[in-house]
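What follows is a single structure, written as structure tokens, with notes after it.
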Amino acid sequence: MAAQPSITEAYNIIVQKYFKQKPMANILVTGCAGFIGSHLSEKLLASGNQVIGIDNFDPFYDKSIKLRNLQGFVSNPNFIFRELDLADMSALKNGLDGLSIDLIVHLAGKAGVRPSIQDPQGYIRANIIATQNILDLMKERGIRKLAFASSSSVYGNTPVTPYHERMDVSNPISPYAFTKKACELINYTYHNLFGLDIVNLRFFTVFGPRQRPDLAIHKFTRMMLNGEEIPMFGDGSTSRDYTYYEDTVDGIVGACNYLFAHSGVYEIVNLGNNQPVTLKDMIATIADVCGVRPAIKQFPMQQGDVNITFANIDRARQLFGYNPQYSFRKGVENFVAWYKAVNL
């Protein structure tokens, strides 16, 4: 006669059967100490997953900021951290040796349009070579699932809006954009040759608490609260599809769930808010939330800047129920409250 399950075992069987509790997955998050990566890692851990985080603390901005991003989860027993450079294949293999990985969310890389014009080689190394190494690791280790952080920058100055994923993106206008497009092409090649399941997520101007200090909302908030003059490039009519980080993270998690549930996958999916905000309105909203009257100094448009980003998000809605919840103003209010709590 077979042994009867214990009370605890019986309870777990019931939970699995009737409440469809998902088994814990082992998810590798590259760029885990960054803005989006730290928020995503927290959410994945809160959902019962094991997270293996990689970051190289690139000196693009101060390491102390990234260390602060890690504080909320670095001691979680389900979190494993590796400080290493993804462009160093030997370091990548050694750092992950013996660790089980079910899915990779590849967020790491050099960001920023304007800096990429000054250092294209650095962007090729950190974005293209690093992604190539991730794909080679997947092939060698039998890891089948990848969610990749692409960018709305690949659309360049495409004149037709909103941008949808079937558009021709053969005309990038910055090295940053061409590295992201190149990674999408490499990803397709590995999907086609080796059967990897891949979702490329084109992010649209993500903002909110922990946003990089060089980005406009963070920079303008700091300058306004310090009484400094605000630089405005162009006439203020350029616009961006600002997307609050919680909506973006929900989209990434949706993509992960989609990958776990499907095979034979290769997708390109926009994660935006579908509501562009002009530069003038962005400045005015931050000023209103901060309770200041900004002094603005106008400059010519900068190289590599696009006129508008505007996401068609029908594909994300269709594939994994993506549905942005945050208005631009609410996101700014949350960001300013966080900034004051951290800095003032």
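The values are calculated or read from the model by the stated rules, or taken from the named source; none is laboratory data. Quick caveat, the model's predicted, so the values are computed rather than measured. Please note: Cβ atoms are built from the backbone with ideal geometry, for glycine as well, and neighbour counts cover all protein chains shown.
Annotations for the structure displayed:
- Residue within region 241-252 that is part of a loop (DSSP other than H, G, I, E, B) and surrounded by fewer than 22 Cβ atoms within 10 Å (Cβ to Cβ) present: no
- Within region 144-153, the residues that satisfy the criterion of being touching a helix residue (DSSP H, G or I) at 6+ places or on another chain (Cβ under 7 Å) and of a type in the set (A, V, I, L, M, F, W, C) are L146, A147, F148.
- Unmet criterion (only one of (1) buried (at least 24 other Cβ atoms within 10 Å of the Cβ); (2) out of contact with any strand residue (DSSP E or B) (no Cβ under 9 Å at 6 or more places or on another chain)) for G227: (1)
- Of the helices (runs of 4 or more DSSP H) lying entirely inside region 52-134, the ones with 1 or more residues being surrounded by 15 or more Cβ atoms within 10 Å (Cβ to Cβ), hydroxyl-bearing (S, T, Y) and touching a helix residue (DSSP H, G or I) at 6+ places or on another chain (Cβ under 6 Å) are found at 113-118, 120-123.
- Taken together, N323, N257 contain a single residue that is under 28 Å from M167 (Cα atoms), outside any loop (DSSP other than H, G, I, E, B), modelled with pLDDT of 95 or more and under 18 Å from the mean Cα position of the chain (by Cα), which is N257.
- Region 28-51, residues that are over 19 Å from R212 (Cα atoms) and out of contact with any helix residue (DSSP H, G or I) (no Cβ under 7 Å at 6 or more places or on another chain): L28, L44, L45, A46, S47, G48, N49, Q50
- D58, sole failed condition from (1) at pLDDT below 95; (2) closer than 24 Å to L135 by Cβ; (3) more than 17 Å from the chain's Cα centre (by Cα): (3)
- Residue pairs meeting the criteria (Cβ under 9 Å; at least 6 apart or on separate chains; first in contact (Cβ under 8 Å) with a residue 24 or more places away in the chain, in region 76-96; second polar (S, T, N, Q) and assigned to a strand (DSSP E or B)): N78/Q50; F79/Q50; I80/Q50; L86/T30
- So A91, is it under 24 Å from R144 (Cα atoms), small (G, A, S) and within 21 Å of the chain's Cα centre (by Cα): no
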